[in-house]
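Encoded as structure tokens, the structure appears first; notes follow it.
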Amino acid sequence: MNFRCFSILLGCLALMRAPLCAETATPGAMAKGSATVKSDSGTSTTMGYWTYLPKAAKPAAGWPLLVFLHGSGERGTDLELLKKHGPPKLVGQKPELESFFMLAPQCPKTRWWDTVAVKDLIDQTLASQPIDRSRIYITGISMGGFATWTLLKEHPDFIAAAVPICGAGDPAAAARFKNVPIWAFHGDKDTSVPVQGSILMVDALKKEKGNIKFTLYEGVTHDCWTRTFDNPDLYSWLLEHRKE
């Protein structure tokens, strides 16, 4: 084999994705995993994640999928960090989460969320788990709230409903995802991500007659996610929505 052919072969092998590598899912328990995913640079990268398989019997159509995107403080390679906030902290404790298969990826240290990689991980999860593809829900906090708005912009036909929490997005893109049910949350005293980021998105969607709800917490700073994920109405609202 000449050098040129060998180089082409190596390049093809580098682009091949490894399958999901995960612990065996046990109903009622979280399982660690990692996957080789596409990145926004066109190369491949490794992404760690948690999954949660509910204890109840699987619905005939498969599980609704809840994707949780963490904030900047949980970046790195230690998956235990993800248990500080949101669904990874509450699964097994909050009965409402027993209605969802949860996927919680981890963003590498010093990086921003790569939504190409997140979407690829979701696609691999759909291919390997019994998921109802009409009921894919995205939520995220802070940096993950930004990523939730970005995924809405990039994949409006894929998401059944979304919950961006203390994030911001691109108001000029609101028409692209105006038909996706969205419930946004923010604290009016947030100094980490100013509330104007959410207000601009909400106003842009209202202008487009979009499907938008907005909860503004008075006197609340950056951590508005604790109250949000403690609210049982959030989960029942998500389950009301599916892609036709």
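The values are calculated or read from the model by the stated rules, or taken from the named source; none is laboratory data. Everything quoted here is computed from the prediction, not taken from an experiment. Here the Cβ is made from the backbone with ideal geometry for all residues, glycine too, and neighbour counts use every protein chain on show.
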For region 207-227, which positions are closer than 23 Å to K153 by Cα and assigned to a helix (DSSP H, G or I)? K207, W225
Can you list residue pairs whose Cβ atoms sit under 7 Å apart, with the first residue in region 56-70 being more than 19 Å from C107 (Cα to Cα) and the second being among the acidic types (D, E)? Count only pairs 6 or more apart in sequence or on different chains. A56/E98; P59/D132; A61/D132; G62/D132; W63/D132; P64/D132
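Filtering region 178-198 down to residues that are assigned to a helix (DSSP H, G or I) and touching a strand residue (DSSP E or B) at 6+ places or on another chain (Cβ under 8 Å), which residue is surrounded by the most Cβ atoms within 10 Å (Cβ to Cβ)? Talk me through it step by step, then tell me what you get.
The initial filter retains those residues of region 178-198 that are assigned to a helix (DSSP H, G or I), namely 196-198.
So of that shortlist, the ones also touching a strand residue (DSSP E or B) at 6+ places or on another chain (Cβ under 8 Å) come out as 197-198.
Details: G197: 21, S198: 28.
Ranking the candidates gives S198 first.
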Failed item, numbered, when A127 is tested on (1) within 21 Å of K32 (Cβ to Cβ); (2) surrounded by 19 or more Cβ atoms within 10 Å (Cβ to Cβ); (3) of a type in the set (G, A, S): (2)
For S34, state whether it is without any contact (Cβ under 8 Å) to a residue 40 or more places away in the chain, among the small types (G, A, S) and buried (at least 18 other Cβ atoms within 10 Å of the Cβ). yes
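Hey, which of the strands (runs of 3 or more DSSP E) in region 31-106, taking only ones fully inside, have at least 1 residues that are at pLDDT below 95? Spell out how you get there, then give the answer.
Values: elements: 44-53, 63-69, 101-105.
Output list reads 44-53.
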Would you mind stating whether L238 is surrounded by 15 or more Cβ atoms within 10 Å (Cβ to Cβ) and in a helix (DSSP H, G or I)? yes
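Among the listed residues I141, I165, I212, which satisfies the condition of being surrounded by fewer than 23 Cβ atoms within 10 Å (Cβ to Cβ) and touching a helix residue (DSSP H, G or I) at 6+ places or on another chain (Cβ under 6 Å)? Walk me through how you get there before you give the answer.
Working: I141 fails: surrounded by fewer than 23 Cβ atoms within 10 Å (Cβ to Cβ); I165 fails: surrounded by fewer than 23 Cβ atoms within 10 Å (Cβ to Cβ).
Step by step, each of I141, I165, I212 is checked, and only I212 is surrounded by fewer than 23 Cβ atoms within 10 Å (Cβ to Cβ) and touching a helix residue (DSSP H, G or I) at 6+ places or on another chain (Cβ under 6 Å).
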